[in-house]
Amino acid sequence: MDSGTALLSDIEYQAFDGPVAWQNGNGTAYRQRRDVDGRTGEITLQHEGEDDALWQQVYAFDSFNKTESLDSHL
C-alpha cells in the first residue's frame, strides 16, 4: 500500500505566534516574513530549490497599523 505524499512537511514556527513556513505536497514552499510587531511583511510561494518566486505579496503599514500598500508579484 502506498502511503502517499504528505500534504505539508518541514513546518517552521515563530515563537509565541504560529507557522511561518512549510513545504507543500506539490513541491512548492510557502514562507512568511513578519516584522518586529508581528505583522506579515511578505509572503512568498516558490518551487523547492529555486530562487524565483511563483507568487509574492509585500505589505507595508503606516504608524496606525493600517495597510499602506500591498504589492503582488507573479
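The values are calculated or read from the model by the stated rules, or taken from the named source; none is laboratory data. Please read all numbers here as calculations on a predicted model, not as lab measurements. In this analysis, Cβ positions are derived from the backbone assuming ideal geometry, glycine residues included, and neighbour counts consider all displayed protein chains. Each accessible area value is taken on the protein alone, full model and side chains, heavy atoms only, with ligands, DNA and RNA left out. Shrake-Rupley method; radii C 1.70, N 1.55, O 1.52, S 1.80 Å.
Any idea how far apart Asp62 and Ser3 come out in nm if each label point goes 7 Å out from Cα toward Cβ?
Taking the two extended label points, one gets 5.2 nm.
Show the residues, 5+ positions off or on another chain, whose built amide H is closer than 5 Å to the amide H of Gln14.
Val20
If you count, for each residue, the other Cβ atoms within 10 Å and average over each peptide, how do 28-36, 6-14 line up from highest to lowest? Display every interim value, and only then the final one.
Working: 28-36: 14.4, 6-14: 10.9.
Ranking, from highest mean packing down: 28-36, 6-14.
Provide the per-residue ³J(HN,Hα) series for region 14-26, in order, calculated from phi with Karplus coefficients 6.51, -1.76, 1.60 and θ = phi - 60°, each as a whole number of Hz, with x at glycine and proline positions.
Using θ = phi - 60°, the values come out as 9, 3, 6, 9, x, x, 10, 7, 6, 9, 7, x, 8 Hz.
What are the ³J(HN,Hα) couplings of region 53-64, residue after residue, when phi is run through the Karplus curve with 6.51, -1.76, 1.60 and θ = phi - 60°? Round to Hz, x for glycine and proline.
Each residue's phi maps through the Karplus curve to give 7, 6, 7, 8, 10, 10, 10, 9, 10, 8, 5, 9 Hz.
Over the chain, what percent of the accessible surface lies on carbon and sulfur atoms, probe 1.4 Å?
Heavy-atom surface of the chain belonging to carbon and sulfur, 1.4 Å probe: 50 percent.
Less than 14 Å Cβ to Cβ from Val20, Lys/Arg counted +1 and Asp/Glu -1: what total charge do the surrounding residues give? Can you show the working numbers first?
Working: positive: Arg31, Arg33, Arg34, Arg39; negative: Asp10, Glu12, Asp17, Asp35, Glu42.
Once positives and negatives cancel, what remains is -1.
Using Cα-Cα distances under 8 Å and only pairs 6 or more residues apart, what relative contact order does region 10-74 have, in percent?
Details: 116 pairs, mean separation 11.8, N = 65.
Once divided by the residue count of region 10-74, the mean separation gives 18 percent.
Would you list the P(r) distribution for the chain, with all Cα-Cα distances sorted into 10 Å bins from 0 and each bin expressed as a whole %?
Bins of 10 Å from zero give 17, 41, 30, 9, 2, 0 percent of pairs.
Pop a pseudo-label 7 angstrom from the Cα along the beta-carbon direction at both Leu74 and Asp10 and give the gap in nm to one decimal.
2.6 nm
Keeping all protein chains in place, calculate the accessible area per residue for the chain (probe 1.4 angstrom), answer in Å². Could the numbers behind the result be given before it?
On the way: 5630 Å² over 74 residues.
Dividing the accessible area of the chain by its residue count gives 76 Å².
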